[in-house]
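S.K.: Have a look at this one before I ask anything.
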C-alpha cells in the first residue's frame, strides 16, 4: 500500500479508549503523529466512521479527540499480537488536552530527529 500521509508517524504505545457514542473499548496505539494514529485492536469500525477517542499520555494527561477511521483491518483475535489489526485514524478535532497532545507529538518529533542526526 502506498504511503499517503505527509507526516512522520512514531511507533509509540499509548493507552486508548474509543467508541462511537462513548469511549468504551480499550486498546493501544501502535504509532502516532500530530495528524493521526493507529489503534491496534481486534474491534474495528468501518472507514468513514467518526469515533470519540481518549488517549492517556505517558505523563497521565487525558486527551479527548474526535477522529475518523481512514482504513481498518480485521484480524482474528488469536492473531492480534502477530498481525497488524486495527484502524488508521485521522484527527477531526481535539476536544480536550490539545496542548498536551501537541507537546507530546513535538517531543516525539525531537526524539526522531535526534536519532536521525546520530545515525545519518
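The values are calculated or read from the model by the stated rules, or taken from the named source; none is laboratory data. Computed from a predicted model, the values in this text were never measured in an experiment. Don't worry about glycine lacking a Cβ; one is built from the backbone with ideal geometry, like all the others, and counts go over all protein chains shown.
S.K.: If you scan the range 21-57, which residues turn out to be out of contact with any helix residue (DSSP H, G or I) (no Cβ under 8 Å at 6 or more places or on another chain), farther than 13 Å from residue 89 by Cα and in contact (Cβ under 8 Å) with a residue 24 or more places away in the chain? Outline the logic, then answer.
M.R.: Taking the range 21-57 and keeping what is out of contact with any helix residue (DSSP H, G or I) (no Cβ under 8 Å at 6 or more places or on another chain), we get 21-31, 35-41, 43-54, 56.
Still in the running and farther than 13 Å from residue 89 by Cα: 21-27, 43, 56.
The answer is 21, 22, 23, 27, 56.
S.K.: Something else about it: Kindly evaluate residue 108 against the criterion of being in contact with a strand residue (DSSP E or B) (Cβ under 6 Å, 6 or more places away or on another chain) and at pLDDT below 95. Explain how you work it out, then say what you get.
M.R.: On the way: in contact with a strand residue (DSSP E or B) (Cβ under 6 Å, 6 or more places away or on another chain): yes; at pLDDT below 95: yes.
Yes.
S.K.: Only one of these conditions is not met by residue 13: (1) surrounded by 15 or more Cβ atoms within 10 Å (Cβ to Cβ); (2) modelled with pLDDT under 95; (3) in contact with a strand residue (DSSP E or B) (Cβ under 7 Å, 6 or more places away or on another chain); (4) under 19 Å from residue 59 (Cα atoms). Which number is it?
M.R.: Condition not satisfied by residue 13: (1).
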